[in-house]
Structures are given as C-alpha cells and as structure tokens.
C-alpha cells in the first residue's frame, strides 16, 4: 500500500463521508471508491460498509484505520527528521488555512515564502478555523491560520484585528438592510453569533436571507451579479476594481465590530528548522 492509501483511510475514518473525504484528498468520488475497493482486495477484508448515516467501519476497518494513523505519524517523524536535518531550507510544510485567507491573504504570503525557500513543498488544507485548530492539536498540521475567538492550549500569535464589513453592488444605507436581500456563506459559529448580536442591536426584524452559499468567494460572485449584499470578516475581500461598495460595521456604543486573525502552532515544532522558518517569516509579514 502507498502513503496515499493510509491518508485515505485516516481521513475517511474522521469524516465518515465519501464525498467530504474525496474533496479533502483532492480526488473524485469514483476514484476514491475504486481505491478503497483496491485496498480491501490487497488486505483481503472488508473495511467499510455504506449506511444511510454515512460510512461505517467494520471491526477490521477500525483496526486498520487506527494503524494507518500510527503509520502516517511514524512516516512524518522520519521525514521531518531527515528533511529538517539541514537548516530548514527544504522539506514539506502542512499548513491549515481558513477559506477567506486562502483567497485573499495567503497567496501573496506563500509567493514571497516560496521565493525565499524555493525547495520547500507546501501542502495547504482549507476548512473552518475550529476544524483547523482541531487538526493542529491532533498533529495533522505543522501550523495553521485561524480566525475568530479560538480556544486552544497551543501557542497562538495575534496577526490582526479586522473590522467586519458589508459589501454590496449598490451604495449601502444601513437603515434599509432589512428590506434588502442578504447572501450568507459558511462561517464559524462564533462569528454567526456575533453577527446576530450586531443585527439585533440595530433591527427588530430578521434579515432577508435570499441565498446561502458555501464560501465567501461564492458570496462575492453573487454580489457582483446583483443578487444581494454580504457580511464579510474584513475588507480584504474588497477590491476597488470590482466596483463594489463597502460599509464597516459598528455596535450601538460606536465600538468596532471586529474579528481577530491568528497564527497557531505547537511550540514543539520549533525544533524543526523548516517550520520555525515559516513561523518567523509569517509573523514578520504581518508585523
């Protein structure tokens, strides 16, 4: 079996969902299904059973999935030891990135980092910040960016605190918002709660949510097509060349409605020069 096979098993064991696993592994669902069948043939045992609630692992499947996690951890330890035996100028970095950072912040940062460390390979994993922190705590990532109010025993550095904004195709009059169509996208529970608090402070009626999409980028595209307005984590989503309008939000006491951005990692990874180099580079870029 290949390293990729062990990754498939560990990912599926966590998600219990074929579609989500295929998306996380960047392969098609049919390819994933075929590979699982091949793994079962190689091991001569059934590992999973499909059910209406998702994927259920057989007793042998449970055992193999747990061993797969141990195998990957051992392989990572070997690779990290060898790849970082130099001065951290080559190797592979696993970085967690929230969706908004992936589109509007990280590309520029990684371009500069790759220019400084051209032999370093990067593996990027996108998800909600809470899931990225969980993956970091489980040592599936070397480092991750995260947004909002995050709770973790790991080390975290505040990168920025950005004001929440409304983005619209038309000029925004705050008092008119309840009458306008709103486009929602997948967000952390903490920012959903904070946005509801802000809304309830200003309006006595619920928002007119017309569309729900899975990402900020999708929301932005809907706005460009005049389908409604969106509430975004910060003005990094806003490009004056798009011809859109933005309105920073405040609470009734005139305090800014903000969201914090963090860089998080386990301090033990600082022993790896490659990871330490990236952390130092990222912190300098945000200073």
Can you give me the ranges of the strands (runs of 3 or more DSSP E) entirely in segment 155-206 with at least 2 residues that are surrounded by fewer than 18 Cβ atoms within 10 Å (Cβ to Cβ) and modelled with pLDDT of 90 or more? 155-163, 181-185
In the set 229, 265, the lone residue that is surrounded by 17 or more Cβ atoms within 10 Å (Cβ to Cβ), at pLDDT 85 or above, touching a helix residue (DSSP H, G or I) at 6+ places or on another chain (Cβ under 9 Å) and within 30 Å of residue 117 (Cβ to Cβ) is 265
Limited to segment 2-21, what total is found for residues that are assigned to a loop (DSSP other than H, G, I, E, B) and under 16 Å from residue 60 (Cα atoms)? 1
Listed by range, strands (runs of 3 or more DSSP E) wholly within segment 28-122 having at least 3 residues that are farther than 15 Å from residue 8 by Cβ and touching a residue at least 24 places away in the same chain (Cβ under 8 Å) are 90-97
Unmet requirement for residue 141, which otherwise passes all of (1) surrounded by fewer than 12 Cβ atoms within 10 Å (Cβ to Cβ); (2) in contact with a strand residue (DSSP E or B) (Cβ under 9 Å, 6 or more places away or on another chain); (3) in a loop (DSSP other than H, G, I, E, B): (1)
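The values are calculated or read from the model by the stated rules, or taken from the named source; none is laboratory data. Source: prediction; values computed, not measured. All Cβ positions, even for glycine, are placed from backbone atoms using ideal geometry, and neighbour counts span all protein chains on display.
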